[in-house]
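To keep things clear, I will list the structure first and then write my remarks on it.
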Amino acid sequence: MRKLFLLAVTMMVSAAAMAQSKVYFTREISPEALVRIYKALGVEATGRVAVKISTGEAGGHNYLKPTLIRDLVDEVGGTIVECNTAYGGKRNTTEAHWQTVRDHGFDSIAAVDIMDEEGNLRIPVRDKKHIKYDIVGSHLPYYDFMINLAHFKGHAMGGFGGVLKNASIGVASADGKAYIHTAGKVQSPATAWSNLPEQDAFLESMAAAAQAVHDYFGGRVLYINVMNNLSVDCDCDSHPADPKMKDVGILASTDPVALDKACLDIVFNHKATPGDDNKPLIERINRQHGTHIVDYAERIGLGSRQYEIVELK
């Protein structure tokens, strides 16, 4: 009987170990490091490749710069993709967004596609607790593969922004952003901000939308978080707060849940020193219950919070 018990325990431990997702990590933040960590994932981006970034709100300065991402985009023959925003600013119309793209230099390194320039497309969601579908740009079918290249940082509404936010709010059209932000209440940016739901409903809607994009590509998505310029504010803020925590590195995985969880753990477990303070970012994440998106994304089957860090030397 004892042997059977020990065998059962061993099998449970083995199963737990197998459930761990690999998250690759490099302390170097450079164009070469981005290509190296992409190759470490062992999955080749093939066909028509979309590289989803944030082009950054005009006036902001923390977004991932063209000089940093160019080598990776070239390596995969990718097209930089974005969608319009649902708030007032310099990216809420296609015309203004194109000007920001040019001002920030993204069109000088690769082809750029504002995917909702010609309208919307609905794609299915598995989790219909809040949203019944995901509304994305009509150009999404142009692509066979997506590299989700996110700048990990704080966020005023989500608490933090990583690959889950970049897959959900980021890939959603302007109407889709309104739909997610209101947890399925409205689809118009004009009425979204007067119809905001309780916080967890918003976070759960983001998780469902991120899963919809992952499913749409049949899992042909790679996820990368760059942990630099760790402001409490998102790149969608035209006047973000200065970062208080020093740059960490680049992390990547085929599992978006494991990746965002690993980045959160780095922030929460960081030992603050003068000039390198994680407390403002932790306070922002906790204020918005930001970690709930990772918990819920695991619950609906998008990925696992269990991970193994593989550091690249």
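The values are calculated or read from the model by the stated rules, or taken from the named source; none is laboratory data. Not measured: the values here are computed from a predicted model. Heads up, the Cβs are rebuilt from the backbone with ideal geometry, glycines too, and the neighbour counts pull from every protein chain shown. Surface accessibility is based on the protein's heavy atoms, side chains included, excluding ligands, DNA and RNA. Shrake-Rupley method; radii C 1.70, N 1.55, O 1.52, S 1.80 Å.
Observations, loosely collected:
- Of the helices (runs of 4 or more DSSP H) lying entirely inside the range 251-303, the ones with 3 or more residues being within 13 Å of ALA210 (Cβ to Cβ) are found at 256-269, 292-299.
- Check on LYS261, under 16 Å from the mean Cα position of the chain (by Cα), among the basic types (Lys, Arg) and either open to solvent by 20 Å² or more (accessible area, probe 1.4 Å) or closer than 22 Å to TYR38 by Cβ (or both): yes
- Of THR79, THR46, all but one fail to be surrounded by 15 or more Cβ atoms within 10 Å (Cβ to Cβ), in contact with an Asp or Glu (Cβ under 8 Å, 6 or more places away or on another chain), within 20 Å of VAL171 (Cβ to Cβ) and touching a residue at least 40 places away in the same chain (Cβ under 8 Å); the exception is THR79.
- For the range 91-110, a tally of residues being open to solvent by 50 Å² or more (accessible area, probe 1.4 Å), more than 21 Å from the chain's Cα centre (by Cα) and not aromatic (Phe, Trp, Tyr) returns 7.
- Once the range 238-253 is narrowed to residues that are in contact with a strand residue (DSSP E or B) (Cβ under 9 Å, 6 or more places away or on another chain) and of a type in the set (Gly, Ala, Ser), the residue that is most open to solvent (accessible area, probe 1.4 Å) is ALA241.
- The range 210-237, residues that are closer than 20 Å to VAL51 by Cα, among the small types (Gly, Ala, Ser) and open to solvent by less than 10 Å² (accessible area, probe 1.4 Å): ALA210, ALA212
Quick grid of which residues meet (1) at pLDDT 95 or above; (2) under 28 Å from LYS313 (Cα atoms); (3) hydrophobic (A, V, I, L, M, F, W, C):
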residue: LEU34; (1), (2), (3): yes, yes, yes
residue: VAL49; (1), (2), (3): yes, yes, yes
residue: TYR63; (1), (2), (3): yes, yes, no
residue: PRO66; (1), (2), (3): yes, yes, no
residue: GLU75; (1), (2), (3): yes, yes, no
residue: TRP98; (1), (2), (3): yes, no, yes
residue: ALA110; (1), (2), (3): yes, no, yes
residue: LYS132; (1), (2), (3): yes, no, no
residue: SER138; (1), (2), (3): yes, no, no
